[in-house]
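Enquirer: First the structure, which I've put down as structure tokens, then a few questions once you've had a look.
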Number of protein chains: 2
Amino acid sequence: MATIYDVSVLAGVSLATVSRVMNNNTKVSDKTRQKVLDAMASLGYRPNTIAQSLASNCSNSVGVLVSQLDGPFYGPMMTEIETTLRTANKHVIIAAGHAQESQEKDSVEFLISRGCDALILDVEAVSDEYLIELYKGKTPIVLINRYIEVMKDNCVFLENERGGFMATDYILSLGHKDIAYISGPMYKGDARDRLQGHQRALSQHGIMFDPALWYEGNFREFGGEEGMRHLLSLNKKFTAVVCASDQMASGAIAACMEKGLKVPDDISIIGYDNIPFPQYIYPKLTTVSNPINEMGKMAALWVLKNIYHDTNVKVDCSFTPKLYVRDSAK
Amino acid sequence: MATIYDVSVLAGVSLATVSRVMNNNTKVSDKTRQKVLDAMASLGYRPNTIAQSLASNCSNSVGVLVSQLDGPFYGPMMTEIETTLRTANKHVIIAAGHAQESQEKDSVEFLISRGCDALILDVEAVSDEYLIELYKGKTPIVLINRYIEVMKDNCVFLENERGGFMATDYILSLGHKDIAYISGPMYKGDARDRLQGHQRALSQHGIMFDPALWYEGNFREFGGEEGMRHLLSLNKKFTAVVCASDQMASGAIAACMEKGLKVPDDISIIGYDNIPFPQYIYPKLTTVSNPINEMGKMAALWVLKNIYHDTNVKVDCSFTPKLYVRDSAK
DNA sequence: CTGTTAGCGCATTCAG
DNA sequence: CTGAATGCGCTAACAG
């Protein structure tokens, strides 16, 4: 592999000059520039990014930590992050935290020691305090899907309470009065916020929230299935179920089918997230959007702007959910 | 950030000794080792991996190139790759090729210039010749989901023809005679292989393959929907549809629902891939497995064994599909 | 077993 | 505008 030195020899210039044309910061005369370019071309020269990083103290790589790489959720987000960062010639180094505190911390350490210029974090197990500490550290971080007041400029988030409200509000507008709720796990902020929105919608319509009709799920299909079975076993009346995720809604629908209940004829169901797949579930899922992909993109843009000083970029870090009316509620 | 030098001073030893305890290759006396360890701890020392890479000419990072990061397909694969490599303290750098030749090539260049010690590639747009050229190059590569004879030791693949055979064979065993087929795009090897397996099963049962009952899809939901609509518009008799992917099968089921056709009562459908989601689709999808996650893991193990010389690992690169009988065919 | 000495490939002063 | 010199933090001979 040719080095900058080989190029300089072939071009008959100094090392520094070659470096200059690569980074075209300083002025180089067109003539010498061309000589260097020619030399690089004829040698098939490609800069050694490792050496660049060491010398410049900038790795051009950003670490991305998510809970999981699979599932309908993080894929689209990763796609946007990768695409956005790559057009700016930055590398994406990934790590998965698997929603476990120790693994999330390990991963952060890992990414920092890797010399990432910044970290994009979508973490759930780790405490606010830990993140604030990190925030004060040397490696800049952006949070996706999490809002912490003292570092709000580094947060990209969805207005979950509002989305929770919208979902239930829509169900109420359909005339339902007895509404069950399958939430995410309460240790997660977004699950709490969505539930809160649900409750606000209820009370705004003068309806009391009935804790018996609330099942704490896990955001996954299976949680929805379990939740629905549980609710059905209660022998309490309800005509609609609001689910805090599409995956749980899918599971809930499956559980209904299993019991011979028709959706939406016998029971209405609404999801949350608007992930791609449930559009192909029967019936098509009515839901509220969680534009996770756009949030990923925004986080990447944030990094481009604040770390790599790309001035052509503007970032707006608060996202508003949107209602998607399809066939699973009536 | 403390450097190896700071540690050496505090521990009262030389640079080299510190380096030795880090990489514990050469013998170091327990006493000095402990001194160094203490010094590292009290300084909160963390090695600069960039510098390590430059000096050792080993980046400890492996590049992973897939078509897409989202979808039900690559997520599980990435998860396994990341998990496997990370336990060995290797970094995963990702890139997406989006099934386009130029982007796939760009990504490969990108990953190579990043100094990856090896590349794991799941590419589709690029030619065999290109890959063989790459194979001869300096950076080792492993192929997932692709078999090229001359570099077969670097391939991790599924026996797609066999899976195609299994799916159709099962449908035939159910008594179906008139069977439609929605394939993947013919420029993809796995699509061709699956179709070939389908045809072999047919002919083995003395049934002629009817090209009119074949629709060339795109492996995605929408392709399945389109395909089913097309087949239905033909006014030709068929009682079962074999789909070359679960996503297309999902789309096909949706199209049936739309026309008021019941699956499996009016029409049987079988998929391919055994992705997680369709288990929650109604009816649950009968399918043939494509253990993409295991293949990802195997590719990672291959790298560990062949590049990082981990001897505790054994790799077996050929995977056999398996039939999963559920509810969508009878 | 441990210390000394060169680089790895490049960016970046500082002169000229 | 260009060249020479220095160092990023670490590994890897080579001595001792």
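Enquirer: Of everything in segment B:15-30, what is more than 18 Å from B:ARG46 (Cα to Cα) and within 9 Å of DNA strand D (Cβ to nearest atom)? Give them in sequence order.
Expert: B:ASN25, B:THR26
Here's the yes/no breakdown for (1) in a helix (DSSP H, G or I); (2) within 16 Å of DNA strand D (Cβ to nearest atom):
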residue: B:MET1; (1), (2): no, yes
residue: B:VAL13; (1), (2): no, yes
residue: B:ARG33; (1), (2): yes, yes
residue: B:MET77; (1), (2): yes, no
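Enquirer: Tally up the residues in segment A:36-63 that are in contact (Cβ under 8 Å) with a residue 24 or more places away in the chain and touching a Cys at 6+ places or on another chain (Cβ under 9 Å), please.
Expert: Selection size over segment A:36-63: 4.
Enquirer: What's the number of the condition B:ASP38 fails, among (1) surrounded by fewer than 17 Cβ atoms within 10 Å (Cβ to Cβ); (2) within 12 Å of DNA strand C (Cβ to nearest atom); (3) in a helix (DSSP H, G or I)?
Expert: It fails just one condition, (2).
Enquirer: Please determine whether any residue of segment B:65-72 is more than 15 Å from B:ALA2 (Cβ to Cβ) and modelled with pLDDT of 90 or more.
Expert: So far as segment B:65-72 goes, yes, one or more of its residues are more than 15 Å from B:ALA2 (Cβ to Cβ) and modelled with pLDDT of 90 or more.
Enquirer: Within segment B:94-177, considering only helices (runs of 4 or more DSSP H) that don't extend past its boundaries, which have at least 3 residues that are touching a Ser or Thr at 6+ places or on another chain (Cβ under 9 Å)?
Expert: In segment B:94-177, the matching helices (runs of 4 or more DSSP H) lie at B:101-113, B:160-173.
Enquirer: For A:LEU54, state whether it is within 16 Å of DNA strand D (Cβ to nearest atom) and within 11 Å of chain B (Cβ to nearest Cβ).
Expert: The answer is yes for A:LEU54.
Enquirer: Shifting gears a bit: Quick one: which residue in B:ALA118, B:ALA51, B:ALA88, B:ALA55 is modelled with pLDDT under 90 and among the small types (Gly, Ala, Ser)?
Expert: That would be B:ALA88, the only listed residue that is modelled with pLDDT under 90 and among the small types (Gly, Ala, Ser).
Enquirer: Name the single residue that is nearest to the other protein chains (Cβ to nearest Cβ) among those in segment A:57-95 being small (Gly, Ala, Ser) and surrounded by 18 or more Cβ atoms within 10 Å (Cβ to Cβ).
Expert: Residue satisfying both the conditions and the ranking: A:GLY75.
Enquirer: Does any residue of segment B:203-216 turn out to be at pLDDT 95 or above, outside the structural domain of B:LEU121 (by TED's automatic domain parsing) and touching a His at 6+ places or on another chain (Cβ under 8 Å)?
Expert: Yes, segment B:203-216 contains a residue that is at pLDDT 95 or above, outside the structural domain of B:LEU121 (by TED's automatic domain parsing) and touching a His at 6+ places or on another chain (Cβ under 8 Å).
Enquirer: Something else: Note down all Cβ pairs under 6 Å where the first residue falls in segment A:7-29 and is modelled with pLDDT of 85 or more, the second is near DNA strand D (Cβ under 7 Å from one of its atoms) and of a type in the set (Lys, Arg), and they're at least six residues apart or on different chains.
Expert: What qualifies is A:VAL21/A:ARG33.
Enquirer: Tell me, please, whether a residue that is within 13 Å of chain B (Cβ to nearest Cβ) and within 26 Å of A:LEU69 (Cβ to Cβ) can be found in segment A:310-327.
Expert: No, the conditions are met nowhere in segment A:310-327.
Enquirer: Within segment B:256-313, which residues are among the charged types (D, E, K, R), surrounded by 18 or more Cβ atoms within 10 Å (Cβ to Cβ) and not in a helix (DSSP H, G or I)?
Expert: The one that is among the charged types (D, E, K, R), surrounded by 18 or more Cβ atoms within 10 Å (Cβ to Cβ) and not in a helix (DSSP H, G or I): B:ASP273.
Enquirer: Let me ask something additional. In segment A:48-75, which residues are in a loop (DSSP other than H, G, I, E, B) and polar (S, T, N, Q)?
Expert: A:ASN48, A:ASN57, A:SER59, A:ASN60, A:SER67, A:GLN68, listed by residue number.
Enquirer: Kindly check whether there is at least one residue in segment B:234-243 that is basic (Lys, Arg) and under 31 Å from the mean Cα position of the chain (by Cα).
Expert: no
Enquirer: Give the residue that is farthest from DNA strand C (Cβ to nearest atom), with candidates limited to residues of segment A:1-35 that are of a type in the set (Lys, Arg) and within 25 Å of B:ARG114 (Cα to Cα).
Expert: A:ARG33
Enquirer: Looking for whichever is within 19 Å of B:MET166 (Cα to Cα) and either over 26 Å from the mean Cα position of the chain (by Cα) or not basic (Lys, Arg) (or both) here; the options are B:MET208, B:MET257, B:MET228. Which one fits?
Expert: Going through B:MET208, B:MET257, B:MET228 in turn, just one is within 19 Å of B:MET166 (Cα to Cα) and either over 26 Å from the mean Cα position of the chain (by Cα) or not basic (Lys, Arg) (or both): B:MET208.
So that you can scan it fast, the table gives a plain yes or no per residue for (1) among the β-branched types (Val, Ile, Thr); (2) under 21 Å from A:VAL92 (Cβ atoms); (3) within 14 Å of chain A (Cβ to nearest Cβ):
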{"position": "B:HIS98", "(1), (2), (3)": "no, yes, yes"}
{"position": "B:LYS105", "(1), (2), (3)": "no, yes, yes"}
{"position": "B:GLU109", "(1), (2), (3)": "no, yes, yes"}
{"position": "B:ILE120", "(1), (2), (3)": "yes, yes, yes"}
{"position": "B:ALA125", "(1), (2), (3)": "no, yes, no"}
{"position": "B:LYS138", "(1), (2), (3)": "no, no, yes"}
{"position": "B:ILE141", "(1), (2), (3)": "yes, yes, no"}
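The values are calculated or read from the model by the stated rules, or taken from the named source; none is laboratory data. Note that the coordinates shown come from a computational prediction; the quantities given were computed from them, not determined experimentally. Glycine also receives a Cβ, built like all others from the backbone with ideal geometry; neighbour counts cover every protein chain displayed.
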